[in-house]
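The block underneath contains the structure these notes are about, expressed in structure tokens.
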Amino acid sequence: MLKMPEPSADALRNFPRALGALRAILPDTSIISTREELRAYECDALTAYRQTPLAVLLPESAQQISRILGVCAAEGINIVPRGAGTSLSGGSLPLADGVVIGLSKLNRILDIDFQNRTVTAQSGVSNLAITHAVQARGYFYAPDPSSQIVCSIGGNLAENSGGVHCLKYGLTTNNVLGAEVVLPGGEIVRVGGKRLEHDVYDLLGVLTGSEGLLGIVTEVTVRILPKPERAAALLAAFDSIEAAGACVAAIIGRGVIPAGMEIMDRVTTNAAEDYCGVGYPRDAEAVLILEIDGSESEIAEELGEVRAAADECGAKSVTEARDEPTRVRLWAGRKAAFSAVGRLAPDYYCVDGTIPRRELASVLARMRELARAHGLEVANVFHAGDGNLHPLILYDANVPGQLEKAEALGADILRLCVERGGVLTGEHGVGVEKRDLMGTMFSEVDLAQQQRVKCAFDPDGRLNPGKVFPVLHRCAELGRVHVHAGRTRFAELPRF
Ligand SMILES: Cc1cc2nc3c(=O)[nH]c(=O)nc-3n(C[C@H](O)[C@H](O)[C@H](O)COP(=O)(O)OP(=O)(O)OC[C@H]3O[C@@H](n4cnc5c(N)ncnc54)[C@H](O)[C@@H]3O)c2cc1C
């Protein structure tokens, strides 16, 4: 059972009155409050947990959001910001005593500045729409989550999202320059701008990855990059996933930073092959797909190093994509991997932990043992260059006890990542999914200090309570040396 904060009786009692005030801010078409329509918002991409919110509000401007937050503050109603709802950690899971603020109507690109190489977009604009807006002039936006067709740039900022290209070009935090944010008190503030330097505290850095706990992002300014002259892709097939993992470390050890470097195990490779038939070797225990970009001479030199590393690590075969259609085809299977694995079992649970690259081979071997011990199958597809693992645990939620087993295996894998010097999340965030494991990585003092940052932005704890922190302290209590008093009680939320 997932435990969430007990619903506030005040919020439930005051909601009908609050709804009246909200109707003065938003047209009826932007307020969803019937049970049937609310079902569409019950969960995000972590579908195991669901909760009907009091209402879903679809504002079109920062000013409307500011007024909504004023009503919520007055009536004691909690708020869950939601971009496209693709979070895999339950970050946009609604609350029983809260409204969801959906940002899908903030969907305009506001400014394209090729001189400063920036794009400013409203936070509901999809990640891919940014690249689409600038690609005719030879530019792109580098962070590329696999969900990029739909996930919003505001959600990317809130989760500090990554993707295949983040090995070379950095995560969202390395590519975001500024944001407009509505604070829980209704103030509209701007942090950062069109340049990387910060004159004061790096508040943009604080907001990036804050999972909707500190403010509602309404505009984002990102940097765009010129598309590299050329890109080449290569697929190396291995007899073991450990050998593929060792090859990743060997490539980086040779001083090559590919634009992307991904591993898929045999289960995933075959699922992808069944799904889109791109020509992957079905008999390989693991394939390593990587991309090198740059000038012709850079590519030739780096591909030479990669081939040498692959030989050194015992690759069975190495296939190079020499033309653009072949390169695109090589990646198509990787991009479709999650959907392809979705056909193998009624449900899968995508875990997201990161480990130092040198630990890849041994952690992958230990993960296999853990999966066997829990009696579940795992499909592996992951951002190997970053050491960011995404084991997809296959299960059937209709079989009693299987979800619990999947969760237990996921938790064991994440503990293993932390034990080996890694972290609980590489890119999907903590949300509700990893909230109760935060203690494996942080001490109570660490967590209290992090919660003081939350309190500086949101002293009443209205934004996304129950996410990220395993224990919710009242902000007044955090001012004291001892922080054991004043905890919020959690109630159980049924699983689906
Ligand atoms: C098939 C699939 C593949 C994926 N692949 C990747 C991947 O490769 N890399 C990766 O990093 N992630 C990936 N994800 C996870 C997910 O797409 C990202 O976390 C994404 O950034 C979430 O964006 P969203 O707009 O859907 O946000 P939501 O899911 O709506 O929200 C995510 C969190 O951000 C908060 N939030 C959203 N918008 C705002 C805002 N404007 N202001 C303040 N807080 C906000 C929410 O409260 C929530 O806590 C994948 C998900 C799926 C389903």
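The values are calculated or read from the model by the stated rules, or taken from the named source; none is laboratory data. The structure displayed is predicted, hence computed values, not measured ones. Cβ sites come from the backbone with ideal geometry, for glycine too, and all protein chains shown count toward neighbours. Remember, those area values only see protein heavy atoms, side chains included, never the ligands or the DNA or RNA. Shrake-Rupley method; radii C 1.70, N 1.55, O 1.52, S 1.80 Å.
Of the residues in region 371-396, how many are open to solvent by 20 Å² or more (accessible area, probe 1.4 Å), assigned to a helix (DSSP H, G or I) and more than 14 Å from the ligand (Cβ to nearest atom)?
3
Could you say whether any residue in region 223-231 is touching a helix residue (DSSP H, G or I) at 6+ places or on another chain (Cβ under 6 Å), assigned to a loop (DSSP other than H, G, I, E, B) and open to solvent by less than 10 Å² (accessible area, probe 1.4 Å)?
Yes, there is a match, as at least one residue in region 223-231 is touching a helix residue (DSSP H, G or I) at 6+ places or on another chain (Cβ under 6 Å), assigned to a loop (DSSP other than H, G, I, E, B) and open to solvent by less than 10 Å² (accessible area, probe 1.4 Å).
Of the conditions (1) at pLDDT 95 or above; (2) more than 23 Å from G91 (Cβ to Cβ); (3) more than 14 Å from the ligand (Cβ to nearest atom), L414 satisfies every one except a single condition; which number is it?
(2)
Hey, among the residues in region 440-458 that are of a type in the set (D, E, K, R) and without any contact (Cβ under 8 Å) to a residue 60 or more places away in the chain, which one's nearest to L183 (Cα to Cα)?
It comes out as R452.
Quick one: which strands (runs of 3 or more DSSP E) lie wholly within region 248-346 and hold at least 3 residues that are open to solvent by 30 Å² or more (accessible area, probe 1.4 Å) and closer than 26 Å to P391 by Cβ?
Working: elements: 260-265, 286-294, 317-321.
The qualifying strands (runs of 3 or more DSSP E) are 317-321.
Within region 9-24, does at least one residue satisfy the condition of being open to solvent by less than 50 Å² (accessible area, probe 1.4 Å) and not in a helix (DSSP H, G or I)?
no
Select from region 94-133 the residues that are within 26 Å of I77 (Cα to Cα) and among the basic types (K, R) and list them in ascending order.
Correct list: K105 only.
Considering only residues that are more than 15 Å from the chain's Cα centre (by Cα), surrounded by fewer than 24 Cβ atoms within 10 Å (Cβ to Cβ) and hydrophobic (A, V, I, L, M, F, W, C), which ones fall in region 415-441?
Matches in region 415-441: L416, V418, L437, M438, M441.
Do you know which residues across region 353-370 are open to solvent by less than 20 Å² (accessible area, probe 1.4 Å) and assigned to a loop (DSSP other than H, G, I, E, B)?
I355
Return the total of residues in region 180-203 being free of Cβ contacts under 8 Å to residues at least 40 places away in the same chain and either within 11 Å of the ligand (Cβ to nearest atom) or buried (at least 17 other Cβ atoms within 10 Å of the Cβ) (or both).
The total comes to 5.
For A24, indicate whether it is without any contact (Cβ under 8 Å) to a residue 40 or more places away in the chain and closer than 19 Å to L463 by Cα.
Values: without any contact (Cβ under 8 Å) to a residue 40 or more places away in the chain: yes; closer than 19 Å to L463 by Cα: no.
Judged against the criteria, A24 is not a match.
Please find, among T118, T173, T131, the residue that is more than 12 Å from the ligand (Cβ to nearest atom), β-branched (V, I, T) and within 17 Å of T218 (Cα to Cα).
T118
How many residues are more than 8 Å from the ligand (Cβ to nearest atom) and either in contact with a Lys or Arg (Cβ under 9 Å, 6 or more places away or on another chain) or closer than 20 Å to M264 by Cβ (or both) if we restrict to region 135-147?
The number of residues fulfilling the criteria is 6.
Listed here are the residues, each with its yes/no results for (1) surrounded by fewer than 24 Cβ atoms within 10 Å (Cβ to Cβ); (2) in a loop (DSSP other than H, G, I, E, B).
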| site | (1), (2) |
| --- | --- |
| E36 | yes, no |
| A45 | yes, yes |
| V71 | yes, no |
| A74 | yes, no |
| V80 | no, no |
| G85 | yes, yes |
| S89 | no, yes |
| L93 | no, yes |
| S104 | yes, yes |
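Is it fair to say E242 is surrounded by 17 or more Cβ atoms within 10 Å (Cβ to Cβ), more than 14 Å from A158 (Cβ to Cβ) and touching a helix residue (DSSP H, G or I) at 6+ places or on another chain (Cβ under 6 Å)?
When the stated conditions are applied, E242 passes them.
If you check V206, V164, V150, which single one turns out to be outside any strand (DSSP E or B), within 9 Å of the ligand (Cβ to nearest atom) and open to solvent by 30 Å² or more (accessible area, probe 1.4 Å)?
Answer to the selection: V150.
Give all pairs with beta carbons closer than 6 Å in which a residue from region 103-121 that is in contact (Cβ under 8 Å) with a residue 60 or more places away in the chain meets a residue that is part of a loop (DSSP other than H, G, I, E, B) and open to solvent by less than 70 Å² (accessible area, probe 1.4 Å); count only pairs at least 6 apart in sequence or on separate chains.
Pairs that qualify, where the first residue is in contact (Cβ under 8 Å) with a residue 60 or more places away in the chain and the partner is part of a loop (DSSP other than H, G, I, E, B) and open to solvent by less than 70 Å² (accessible area, probe 1.4 Å), are L103/G83; L103/S123; L103/G124; K105/L58; L106/S123; L106/G124; R117/I224; V119/I224.
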